Amino acid sequence: MSLTPQPSPAQPAPPRAKGRPRSATADQAILDAARAALAELGWGGLTMGDVAVRAGVAKTTLYRRWPSKNELVIDAIASLFDQLEMVDRGSLQADMEGVVTQFADLLARPESQAGLLALFAEGTRDTELRRRIREHI
């Protein structure tokens, strides 16, 4: 017997949130713009307004998705790691070499370097940011 309540087939689906659905294209433009701005301006120069302009969205669009610069930068850097692909190359050694090569290429990108360095430096001063970095990156 399951203690978890199971939805009955007769129950209606939960109502959809009001408003327009989020745009994956806008999300990607914002994350790309955040990484570019971080690489160019550094942590101290990065502003939500600059990211909004670079991404071609309103600042309110940013703040609906990310309540702070910390959250935005963490997601922008963490999303880079989504690009890593685990491809079956026929052996464990070849699989591991493939992932390590991808990871090295990722870390060689200026936006990766700037973003990680900025996050880790800022994380030394902000314990909450450090916790979020550990959770997401």
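The values are calculated or read from the model by the stated rules, or taken from the named source; none is laboratory data. These numbers were taken from a predicted model, which means no experiment stands behind them. Because the Cβ atoms are built from the backbone with ideal geometry, glycine has one as well, and the counts that use them run over all protein chains shown. For the accessible areas, the whole protein counts, side chains as well, though only heavy atoms, and no ligand, DNA or RNA atoms are used. Shrake-Rupley method; radii C 1.70, N 1.55, O 1.52, S 1.80 Å.
Taking a ≥ b ≥ c as the square roots of the Cα gyration tensor eigenvalues, the stretch 13-130 comes out oblate, since a/c reaches at least 1.5 and a/b does not exceed b/c.
When all protein chains stay in place and ligands, DNA and RNA are ignored, the 1.4 Å accessible-area order of Thr127, Thr61, largest first, is Thr127, Thr61.
Annotation note: GluC sites (Glu not before Pro) in the stretch 70-137 located in DSSP loop regions with a Cβ neighbour count of at most 15 within 10 Å are Glu85.
Which order do you get for Trp43, Trp66 if you rank them by accessible area with a 1.4 Å probe, largest at the top?
Working: Trp43 35, Trp66 15 Å².
Of Trp43, Trp66, the descending order of accessible area is Trp43, Trp66.
Approximating the spin labels as points 7 Å out from Cα along Cα→Cβ, the Lys59-to-Thr47 distance works out to 0.7 nm. Loop-located trypsin sites (Lys or Arg not before Pro) in the stretch 18-109 (DSSP state other than H, G, I, E, B) with a sparse environment of at most 10 neighbouring Cβ atoms within 10 Å: Lys18.
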